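Structure, as C-alpha cells:
The values are calculated or read from the model by the stated rules, or taken from the named source; none is laboratory data. Every value quoted in this text rests on a predicted model; they were computed, and no experiment measured them. Quick reminder, even Gly has a Cβ in these numbers, built from the backbone with ideal geometry, and neighbours come from all protein chains shown.
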C-alpha cells in the first residue's frame with residue numbers, strides 16, 4: 001500500500017528547525033537519503049542540520065563535498081541542536097541501537113520524531129513512521145515524498161538519491177528492484193544524476209591497501225552446510241598487515257555469494273574492542289533476518305547484520321550452527337523443469 005505522505009507534509013509546513021540523522025556506520029543509502037531530504041527541506045525555506053552518530057566513511061565523502069554532515073562528537077553545540085530542534089527525522093533505520101549517542105539525546109527530548117525507513121527490524125521510537133519494507137531503498141522513499149509534494153530534485157539531490165538507490169539494490173540486480181525503481185532512476189537521471197560518474201566514484205576509487213586486504217580475506221573463504229554457506233573473516237592484524245581501513249571490508253561478503261550453489265554467506269570483521277561485526281547475505285529464497293535477530297541485530301531478508309563476542313573460532317562455530325538450523329527450516333525451492 002502506498003505511503004500517505006500528508007502527515008509529513010503537514011509537519012514540514014508547521015515547523016522550521018529540523019535535525020536529520022541515520023545509523024552508525026552510514027552507507028550510501030543513509031547518507032544519500034539524508035542529503036536528498038536536507039536539500040528538499042532547505043528549498044522549502046527550512047533550517048536543517050545533519051547530525052550522525054559517527055563520521056562519514058572516507059569512501060563516501062564525495063557525496064558531501066562541503067562537509068555538512070556532522071558527527072555528534074564534533075562539537076557540543078551539535079548535541080544542543082538535537083535537544084532544541086523542532087523535528088527529528090531518522091532515515092534508513094528505526095532501531096535505537098543503531099542511533100548511538102544521537103539516539104540517547106533523542107530519548108531525552110520531547111521533540112516530534114519522524115522515521116523514514118525500509119528495514120524490517122524496528123523499535124518503538126515514539127515517532128510518526130513512514131515505512132515501506134518492500135521498498136528497495138530509503139532513497140526511493142525520499143524520492144516518493146518529493147513527488148507527493150510536486151517537487152523536482154536539484155541535480156545534486158538527484159545524484160545523492162541515485163547513489164542511495166543504486167547501492168542498496170546492488171546496482172539494480174537485487175530482487176527488490178522493480179520497474180518502479182527503474183522509473184525513479186530514469187527520473188533522477190533526467191534531473192541531473194550521472195550514472196557513469198557515480199559508479200566510478202562508488203566502485204573505482206580503491207586504494208592498494210584495500211586490494212591487499214581483499215586478497216588476504218578471500219584466500220580464507222570456506223564453505224559449510226553441504227556447500228550452501230560460504231564465509232570468511234577479518235582480524236585487526238589483517239588491517240595492520242595490509243594498512244587497510246575497516247571500510248575496505250565493504251562488499252567482500254558479496255564476493256562469497258559468487259560461488260556456485262551458495263545460498264548464504266557471512267563475514268566476521270573484528271572490531272578494536274575485539275568483538276566481531278557480522279554481515280549476512282543470501283539468495284532470494286533464504287531469509288537471514290532470523291539469524292541476525294537471534295544475535296541482537298537485524299536488517300533485510302537478503303542483507304542483515306549483528307555484533308558477536310569473540311573469540312573468533314567460537315563466533316564462527318556459533319554462526320555455522322545457526323545457519324545449519326535455519327537452512328533446514330528454509331529448504332531450497334524446487335525448480336520446475
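Numbers below:
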read-out: Filter pass, residue 160 being in contact (Cβ under 8 Å) with a residue 40 or more places away in the chain, surrounded by 17 or more Cβ atoms within 10 Å (Cβ to Cβ), assigned by TED's automatic domain parsing to the domain that holds residue 34 and more than 28 Å from residue 83 (Cβ to Cβ); value: no
read-out: Wholly within the range 201-302, strands (runs of 3 or more DSSP E) carrying at least 1 residues that are touching a strand residue (DSSP E or B) at 6+ places or on another chain (Cβ under 6 Å) and surrounded by 18 or more Cβ atoms within 10 Å (Cβ to Cβ); value: 229-234, 264-270, 276-282
read-out: Residues satisfying the stated conditions in the range 80-96, i.e. over 25 Å from residue 165 (Cβ atoms) and either buried (at least 18 other Cβ atoms within 10 Å of the Cβ) or in contact (Cβ under 8 Å) with a residue 40 or more places away in the chain (or both); value: 81, 82, 84, 85, 86
read-out: Qualifying positions in the range 181-200 - in a helix (DSSP H, G or I) and without any contact (Cβ under 8 Å) to a residue 40 or more places away in the chain; value: 182, 183, 185, 186, 189, 190, 195, 196, 197, 198, 199, 200
read-out: Yes/no for residue 321 being over 24 Å from the mean Cα position of the chain (by Cα) and either under 14 Å from residue 263 (Cβ atoms) or modelled with pLDDT of 95 or more (or both); value: yes
